[in-house]
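Coordinate-derived values only; no laboratory data. Just so we're clear, the structure is a prediction, and the values are computed from it rather than from any experiment. Glycine gets a Cβ as well: all are built from the backbone with ideal geometry, and neighbour counts include every protein chain shown.
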Amino acid sequence: MQVQQTEIEGCFILEPTVFEDKRGYFMESYNQEKFEHLTGAKPHFVQDNESLSVKGVLRGLHFQKGVHAQAKLVRVLEGEVLDVAVDIRPNSKTFGKVVSILLSSQNKNQMFIPRGCAHGFVTLSDTAKFFYKCDNFYHAASEGGIIYNDPTFNIDWILNTEDLIISEKDKILPAFNEAIIH
């Protein structure tokens, strides 16, 4: 596994070692010892989530606040997405930084997003199956979000705005300067 530090402190891109032959492929998608050694992060994952989205679905930017904050290890099992993390930790050296990466079933890359970051993705393929591990349980009262098109971040979601499919809940998320992020 190769690990690359991103512009966000504690946020990593993981490229697995994939063994391919005429039968298909094998890869180790997660190994706690290797992960901790290569990243220095020591999450204790307690929940796995999976979603299926059609092309144009944009989910985000979401986060959990306070003691219910979540670190995530995300990957795509089928299809392709643009995955985005935003550092919303006020005391972080990388506060306000944005990282975006193409994750796909082809490249098999993953992104580790530390606690205190907002997260979102948009589906670029006809469908995408998105999978992620969380180090804390979902807690509805601690849910927060930032509107996907906040000019503070100027995120290029690749697709035209009129091609995006966004939930009613995500369409009314507050701007970054209005979001409760502590």
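Things to note:
- Looking only at region 123-182, and only at residues there that are of a type in the set (S, T, N, Q) and assigned to a helix (DSSP H, G or I), the one that is farthest from Val46 (Cα to Cα): Thr161
- Pairs where the first residue, in region 74-96, is touching a residue at least 60 places away in the same chain (Cβ under 8 Å) and the second is of a type in the set (Gly, Ala, Ser) and part of a strand (DSSP E or B), C-beta under 7 Å, 6+ apart: Leu82/Ser100; Val84/Gly60; Val84/Ser100; Val84/Gly120; Val86/Ala118; Ile88/Ala118
- Yes/no for Lys133 being surrounded by fewer than 20 Cβ atoms within 10 Å (Cβ to Cβ) and of a type in the set (D, E, K, R): no
Residue-wise test of (1) of a type in the set (S, T, N, Q); (2) more than 16 Å from the chain's Cα centre (by Cα); (3) crowded, with 18+ Cβ neighbours inside 10 Å.
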{"position": "Gly40", "(1), (2), (3)": "no, yes, no"}
{"position": "Pro43", "(1), (2), (3)": "no, no, yes"}
{"position": "Val54", "(1), (2), (3)": "no, yes, no"}
{"position": "Val74", "(1), (2), (3)": "no, no, yes"}
{"position": "Asp87", "(1), (2), (3)": "no, no, yes"}
{"position": "Pro90", "(1), (2), (3)": "no, yes, no"}
{"position": "Phe95", "(1), (2), (3)": "no, yes, no"}
{"position": "Asn107", "(1), (2), (3)": "yes, no, no"}
{"position": "Gln110", "(1), (2), (3)": "yes, no, yes"}
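- Contacts under 6 angstrom Cβ, first residue in region 112-133 being within 12 Å of Ala69 (Cα to Cα), partner aromatic (Phe, Trp, Tyr) and part of a strand (DSSP E or B), 6 or more apart: Ala118/Phe63
- Of everything in region 1-24 that is closer than 20 Å to Val76 by Cβ and out of contact with any strand residue (DSSP E or B) (no Cβ under 7 Å at 6 or more places or on another chain), the residue that is surrounded by the fewest Cβ atoms within 10 Å (Cβ to Cβ) is Gly24.
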